[in-house]
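Here the structure comes first, spelled out in structure tokens, and everything after it is commentary.
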Amino acid sequence: MAVLVEAISVVIRCEAIVNKFSGGVKAFMASLPNKTLCSDGEIACINFMTPFDVQKYVEFLMRQNLIYKDDNENLIDIVVVDQRQGMTRDCDWAGFGSMDWNNNPEQPVSVCYFISTKDERLVVPEGWDYDNSLTANHKFIGDDVIPENFTFLRREGHIDVFWDKDTEQEFYIRRV
């Protein structure tokens, strides 16, 4: 199987969650920073909007006994995957690619998969809908560069709300 990758995703080996994460699966589930989790049983994926939030989450996972990389720079339990560019580092246990959502070539999605998988199905977060997804409607904004046409309005919990002067609509960036 494969898991959906949107924005910047942290992909974790499920085996590591079960065997290494402090407190096990229950503690992992209780510590999720947002509602984007999807898992195929081999890998689990959580999506983030900013590199800063990804870094903080990877650091959190490492404090829970997961290993990002070993002394030889090999990725062990965690890989970071960008929706547009793929793996941020070489990884020998996961792959990156694209699939057509519901076999529709007009709706391509980015995916990550465990390298030895034979199953071509896709797992998405609960409640995910292509038409309202980041995949269908994304704009890329770097961590340090807010476009000139954006004006910060407010923070609502974990969401920064901006006004996009070009589209005359609110734009949301989920933060952790």
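The values are calculated or read from the model by the stated rules, or taken from the named source; none is laboratory data. Only a predicted model underlies this, so the values are computations on that prediction, with no experimental measurement involved. Positions of Cβ are generated from backbone atoms using ideal geometry, with glycine treated the same way; all protein chains shown enter the neighbour counts.
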Inspect the stretch 66-83 for any residue being in contact with a strand residue (DSSP E or B) (Cβ under 7 Å, 6 or more places away or on another chain) and polar (S, T, N, Q) and give the result as yes or no.
yes
Exactly one of (1) surrounded by 11 or more Cβ atoms within 10 Å (Cβ to Cβ); (2) farther than 15 Å from residue 48 by Cα; (3) modelled with pLDDT under 95; (4) among the hydrophobic types (A, V, I, L, M, F, W, C) is unmet by residue 99. Its number?
(3)
Restricting to helices (runs of 4 or more DSSP H) lying wholly in the stretch 12-90: which have 3 or more residues that are of a type in the set (Gly, Ala, Ser) and loosely packed, with under 15 Cβ neighbours inside 10 Å?
24-30
For the stretch 88-115, pairs from a residue that is β-branched (Val, Ile, Thr) to a residue that is surrounded by 15 or more Cβ atoms within 10 Å (Cβ to Cβ) and assigned to a loop (DSSP other than H, G, I, E, B), with Cβ under 9 Å and 6 or more apart or across chains, are 109/6; 109/83; 109/124; 109/133; 115/91; 115/93
Among the residues of the stretch 102-150 satisfying the criterion of being of a type in the set (Phe, Trp, Tyr) and in a loop (DSSP other than H, G, I, E, B), which is modelled with the lowest pLDDT?
140
List pairs: first residue in the stretch 145-173 and in the same structural domain as residue 133 (by TED's automatic domain parsing), second residue of a type in the set (A, V, I, L, M, F, W, C) and exposed (fewer than 14 other Cβ atoms within 10 Å of the Cβ) anywhere in the structure, Cβ distance under 7 angstrom, at least six positions apart or on different chains.
none
